[in-house]
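Data block below; observations after.
None of the figures in this text is laboratory data; all of them are computed from the coordinates on show. Worth saying up front: this structure is predicted, and the values here are computed from it rather than measured. Methodologically, a virtual Cβ is constructed for each residue, glycine included, from the backbone with ideal geometry; neighbour enumeration extends over all protein chains shown.
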Amino acid sequence: MPRLAAITYDGLPLANGGAHKLRTRGFVAAFGALQSFASEVSLDSVPNDLVVEVVEGVDVPKEFTDPLLSEFNAHFIRRPCRQIGAYTGHQWKIDATSVNRIVEKLERLRPIPKAGFAGEAVLVHATWNLVLADLDRRPLPHQDKNDYLGFDVGGELYLGQSSVYSRISETTTAHLFLSLPFEEVIDDARRLVSEIQKHFPCRLSSKHWKIWRLTKNGQRYIGRKIPGLI
């Protein structure tokens, strides 16, 4: 039987072009802050999706991009390029055993040149799937999208699944999506949010909380805004 409700935090919504901006500068500090956050709040702290990207364009020095293109082509599996206006983003899939070495290498290249409106010329995309726990570090129940009809609240964000997606470079942004397995705003939900805020390297917004309730026909969920849980 599907759950009757869930509480979400979508901050700031990627669909609106937003994400939290970390106060840290550079690759090592930003990755360390996000990895520490995942280790503190999630039972699974290994990033599950890691991509390094080099952005090539007419105003980006080739003496910066060419050595990186050669090195990453030699060691990692390419992903499809993406076009960002006149710029080309070359991407490679990397694994968790390689990410610290890459982050440290890119740190030594700072300051990172800009690729116009496309942003920094090299960055790391990192995603952590968060498995939330209670005070005794036991996994909370109902953290599976199948508990909620596989319901997508938008942008392939599902009730039952929490995550943080970051773009790490000279400056770093992080998009945090929480799906809290509570059917009402209770003390346990507030306690969990307080713990998440304690470790997340940005201030959570009070404006991006919703409670999603199952419709009477049991076919979908309807979300309505609620006050922030902090």
(message) I'd like the full set of residues that are outside any helix (DSSP H, G or I), hydrophobic (A, V, I, L, M, F, W, C) and in contact with a Phe, Trp or Tyr (Cβ under 8 Å, 6 or more places away or on another chain), limited to the stretch 61-83.
(response) Phe76, Ile77
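Polar (S, T, N, Q), within 20 Å of the chain's Cα centre (by Cα), in a helix (DSSP H, G or I) and within 29 Å of Tyr221 (Cα to Cα), is that true of Ser194?
Working: polar (S, T, N, Q): yes; within 20 Å of the chain's Cα centre (by Cα): yes; in a helix (DSSP H, G or I): yes; within 29 Å of Tyr221 (Cα to Cα): yes.
Against the criterion (polar (S, T, N, Q), within 20 Å of the chain's Cα centre (by Cα), in a helix (DSSP H, G or I) and within 29 Å of Tyr221 (Cα to Cα)), Ser194 qualifies.
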(message) Looking at the stretch 170-182 only, could you name the residues that are assigned to a loop (DSSP other than H, G, I, E, B) and within 22 Å of Lys145 (Cβ to Cβ)?
(response) Pro181, Phe182
(request) Report yes if some residue within the stretch 107-117 is over 19 Å from the mean Cα position of the chain (by Cα), within 27 Å of Ser205 (Cβ to Cβ) and not small (Gly, Ala, Ser); otherwise report no. (result) yes
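So how many residues does the stretch 118-160 have that are of a type in the set (Phe, Trp, Tyr) and within 17 Å of the chain's Cα centre (by Cα)?
Of the residues in the stretch 118-160, the ones of a type in the set (Phe, Trp, Tyr) are 128, 148, 151, 158.
With within 17 Å of the chain's Cα centre (by Cα) added as a condition, the list becomes 128, 158.
Looking only at that region, the number is 2.
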(request) Go through the stretch 106-141 and give me each residue that's aromatic (Phe, Trp, Tyr) and free of Cβ contacts under 8 Å to residues at least 40 places away in the same chain. (result) Phe117
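Is there a residue in the stretch 205-216 that is outside any loop (DSSP other than H, G, I, E, B), touching a residue at least 24 places away in the same chain (Cβ under 8 Å) and closer than 21 Å to Leu34 by Cα?
Let us first name the residues in the stretch 205-216 that are outside any loop (DSSP other than H, G, I, E, B), namely 209-214.
Keeping just the survivors that are touching a residue at least 24 places away in the same chain (Cβ under 8 Å) gives 209-214.
Imposing the further condition that a residue be closer than 21 Å to Leu34 by Cα reduces the set to none.
No, the stretch 205-216 contains no residue that is outside any loop (DSSP other than H, G, I, E, B), touching a residue at least 24 places away in the same chain (Cβ under 8 Å) and closer than 21 Å to Leu34 by Cα.
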(request) Exactly one condition in (1) among the aromatic types (Phe, Trp, Tyr); (2) closer than 30 Å to Glu40 by Cα; (3) surrounded by fewer than 16 Cβ atoms within 10 Å (Cβ to Cβ) is not met by Phe117; state its number. (result) (2)
(request) Can you tell me which residue within the stretch 36-90, out of those that are among the polar types (S, T, N, Q) and within 22 Å of the chain's Cα centre (by Cα), is farthest from Val164 (Cα to Cα)? (result) Gln83
(message) I'd like to verify a number: residues in the stretch 197-230 that are aromatic (Phe, Trp, Tyr), within 20 Å of the chain's Cα centre (by Cα) and more than 16 Å from Lys21 (Cα to Cα), how many?
(response) 1
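Determine which member of the set Val124, Val103, Val185 is in contact with a helix residue (DSSP H, G or I) (Cβ under 8 Å, 6 or more places away or on another chain), of a type outside the set (Phe, Trp, Tyr) and not in a strand (DSSP E or B). Walk me through it before giving the result.
On the way: Val124 fails: not in a strand (DSSP E or B); Val185 fails: in contact with a helix residue (DSSP H, G or I) (Cβ under 8 Å, 6 or more places away or on another chain).
Of the residues listed, the single one that is in contact with a helix residue (DSSP H, G or I) (Cβ under 8 Å, 6 or more places away or on another chain), of a type outside the set (Phe, Trp, Tyr) and not in a strand (DSSP E or B) is Val103.
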(message) Show the residue pairs meeting these rules: Cβ distance below 7 Å; 6+ apart or different chains; first residue within the stretch 46-68 and surrounded by 15 or more Cβ atoms within 10 Å (Cβ to Cβ); second residue assigned to a strand (DSSP E or B) and among the charged types (D, E, K, R).
(response) Val51/Arg79; Val51/Lys93; Thr65/Glu56
(message) Under 7 Å between Cβ atoms, which residue pairs at least 6 apart in sequence (or on different chains) link something in the stretch 161-174 that is crowded, with 19+ Cβ neighbours inside 10 Å with a partner that is acidic (Asp, Glu) and in a loop (DSSP other than H, G, I, E, B)?
(response) none
